[in-house]
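Worksheet: one structure, shown below.
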Amino acid sequence: MAVVSISAARDAQSAKRLLPQCAALIVAVETLSQMAEAMDAEVSWLPFLMDLAPHVFLYGFNSSDSNADILRTLTSDWLLGLDPLPNDATFAVAGGQRESCGQFSGLTFQGVDTASDGSFKEGTLGGDHAVLIRAAGRPFLVRIGLDTSKVFLTAGRELADLGETIPHEAKLLPWFSRLIPLMIFLRSALGDRLWHSDCPQACIIIDDPLLKQRYGFLEYSKLLEAMKQQRFSASIAFIPWNYRRSRRQIADLFTRAPTSLSLCIHGCDHTRGEFGDASFDLLCGKAHRAIERMKSHLRLFGVPFDKVMVFPQGLFSGQALKALEVSGYLAAINTDVCPSNLPKAVALRDLLDVAITPGADFPLFGRQYPRDPAEFAFYLFLGKPAFVVEHHGYFRNGYEALRKFVERLNSLDERLEWKNPATVCSRAALKKVTADGDVHVRFY
């Protein structure tokens, strides 16, 4: 990273000599305005400066006349200025852009925090220009081709603060406009040199059911029938206290279809907040007892289980993760990734990682309800597993909702693999290729 004084630049040529050549250049529009002011120059020199890097990202546009001049100059009067966005703006990502836009390609969705965002006003489209994202029907992220560079312009006025503390049960989608345009740019500019995943994975986790023919609205025979119609796997978050209550006929379904049906661990007694306790010794006792009960269930009914914990009621303390680690668990999966006793322990950068390790060297994976495919596209775009959570009530009206959701999830990435939680957690990884061709892999 180089620090350059823009006041030393007298013209475009001297600015180019001051600024280093690089693979990707990220610039706030205000910086360009200050450079023009320092050089007492017109904005006509901007395209000349853009060939400092083969890929350039510009952000922070506002509705000022000077910003409009920059837009007009760079886009040959295609983009004319900036308008504010309504709070309920619909975002649409261009189809056929899987290489740069990843799993978002072709999706339309709401739920984005647009408080500081705008959209570009369009003039006449011409030249090597493309709209990658539209907001409220107008350009939000665009790519233009200049002589030696591709320039990305976003109508998002600011980038996300990765140190921002996230709320409990935080969703990723509200940060879309402050994160994804930059990430699309970096993916386009750097390709495999960025950390990425070549093996997207998913699993549906159903909390609480006993292994009986019917548990509330859940019927295992119909669940297996749905698996024949759509490719997916399901894991039952099994309450260890129920280890003697399974039915042999249903247990046999699990042993005959181990790649489709599996068990993970859902607490111990499933009492309110049982893993939200602060006592490390007490938590270790519960974690150990849960495994012993699952082993007893294995001896009684022959169904293997994953040493993966799903916390009852989603409550857990920072000490609970340490207790799981010393008790031999592989990982934890939870809807809420914030420890109940450490409300400020998780920052946005943690939420963006494949797994979270708040206060312990032990992986915690997030999961989401099957509501908005765009939320899962965000997970897969980042290389995170797509863990889906539901309860028996989801099947109140049958299995058509599940079938349609799985179909939509599979369409986000044709490479998506459905496995049991232990396999997904074990294989969760990111990799990158260095300039020398070395491959680095980060496991969680």
Given the condition of a type in the set (G, A, S), surrounded by 18 or more Cβ atoms within 10 Å (Cβ to Cβ) and either within 27 Å of S63 (Cβ to Cβ) or without any contact (Cβ under 8 Å) to a residue 60 or more places away in the chain (or both), answer yes or no: does some residue in the range 218-227 qualify? no
With respect to D147, is the statement that it is surrounded by fewer than 22 Cβ atoms within 10 Å (Cβ to Cβ) and in contact with a Pro (Cβ under 8 Å, 6 or more places away or on another chain) true? yes
Checked the range 252-283 for anything in a loop (DSSP other than H, G, I, E, B) and closer than 15 Å to F301 by Cβ; matches are A257, P258
Going through the range 354-369 in order, the residues found to be crowded, with 20+ Cβ neighbours inside 10 Å and either at positive phi or part of a loop (DSSP other than H, G, I, E, B) (or both) are V354, A355, F362, P363, R367
Scan the range 200-217 for residues that are assigned to a loop (DSSP other than H, G, I, E, B) and open to solvent by 50 Å² or more (accessible area, probe 1.4 Å) and jot them down. K212, Q213, F217
Number of the condition not met by V131 [criteria: (1) without any contact (Cβ under 8 Å) to a residue 12 or more places away in the chain; (2) open to solvent by less than 50 Å² (accessible area, probe 1.4 Å)]: (1)
The range 191-210, residues that are hydrophobic (A, V, I, L, M, F, W, C) and over 19 Å from the mean Cα position of the chain (by Cα): I206, L210
May I ask you to verify whether A290 is within 29 Å of the chain's Cα centre (by Cα), touching a residue at least 12 places away in the same chain (Cβ under 8 Å) and open to solvent by less than 50 Å² (accessible area, probe 1.4 Å)? no
Starting from residues that are without any contact (Cβ under 8 Å) to a residue 40 or more places away in the chain and outside any loop (DSSP other than H, G, I, E, B), keep the ones in the range 100-121 and report whichever is nearest to L172 (Cα to Cα). T108
Can you pull out the residues in the range 351-370 that are among the charged types (D, E, K, R) and modelled with pLDDT under 95? D361
Check the range 162-174 and report whether any residue there is farther than 30 Å from N341 by Cβ, small (G, A, S) and open to solvent by less than 40 Å² (accessible area, probe 1.4 Å). no
Could you please let me know if F381 is farther than 26 Å from E292 by Cα and within 14 Å of the chain's Cα centre (by Cα)? yes
Within the range 221-251, how many residues turn out to be within 33 Å of the chain's Cα centre (by Cα), part of a loop (DSSP other than H, G, I, E, B) and closer than 19 Å to L210 by Cβ? 1
Specify which of the listed residues (R415, R349) is of a type in the set (D, E, K, R) and over 25 Å from D161 (Cα atoms). R415
Given (1) modelled with pLDDT under 90; (2) more than 30 Å from L382 (Cβ to Cβ); (3) charged (D, E, K, R), identify the lone condition not met by E30. (2)
Test: L321 is of a type in the set (A, V, I, L, M, F, W, C) and open to solvent by 10 Å² or more (accessible area, probe 1.4 Å): no
Hey, could you check the range 57-72 for residues that are open to solvent by 10 Å² or more (accessible area, probe 1.4 Å) and over 16 Å from K121 (Cβ atoms) and say which is nearest to the chain's Cα centre (by Cα)? Y59
Some residue of the range 160-171 being outside any loop (DSSP other than H, G, I, E, B) and either of a type in the set (A, V, I, L, M, F, W, C) or on the phi > 0 side of the Ramachandran plot (or both): no
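The rows are residues; the columns are (1) under 15 Å from the mean Cα position of the chain (by Cα); (2) of a type outside the set (D, E); (3) farther than 22 Å from L263 by Cα.
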site: I356; (1), (2), (3): yes, yes, yes
site: P370; (1), (2), (3): yes, yes, no
site: F395; (1), (2), (3): no, yes, no
site: V406; (1), (2), (3): no, yes, no
site: E414; (1), (2), (3): no, no, yes
site: K419; (1), (2), (3): no, yes, no
Could you say whether any residue in the range 373-391 is surrounded by fewer than 19 Cβ atoms within 10 Å (Cβ to Cβ) and without any contact (Cβ under 8 Å) to a residue 40 or more places away in the chain? no
Among the candidates T75, T108, T114, T90, which residue alone is open to solvent by less than 40 Å² (accessible area, probe 1.4 Å), out of contact with any Pro (no Cβ under 8 Å at 6 or more places or on another chain), at pLDDT 90 or above and of a type in the set (V, I, T)? T75
Long-range neighbours under 6 Å by Cβ, at least six apart or interchain, first residue touching a residue at least 12 places away in the same chain (Cβ under 8 Å) and within 16 Å of K307 (Cβ to Cβ) within the range 252-270, second open to solvent by 10 Å² or more (accessible area, probe 1.4 Å) and of a type in the set (A, V, I, L, M, F, W, C): L263/F305; H266/I239
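The values are calculated or read from the model by the stated rules, or taken from the named source; none is laboratory data. In this text, all values refer to a predicted model and were calculated from it rather than measured experimentally. Using ideal geometry, Cβ is built from the backbone for each residue, glycine included, and neighbour counts are taken over all protein chains shown. The area values use the complete protein model at the heavy-atom level, side chains included, leaving out ligands, DNA and RNA. Shrake-Rupley method; radii C 1.70, N 1.55, O 1.52, S 1.80 Å.
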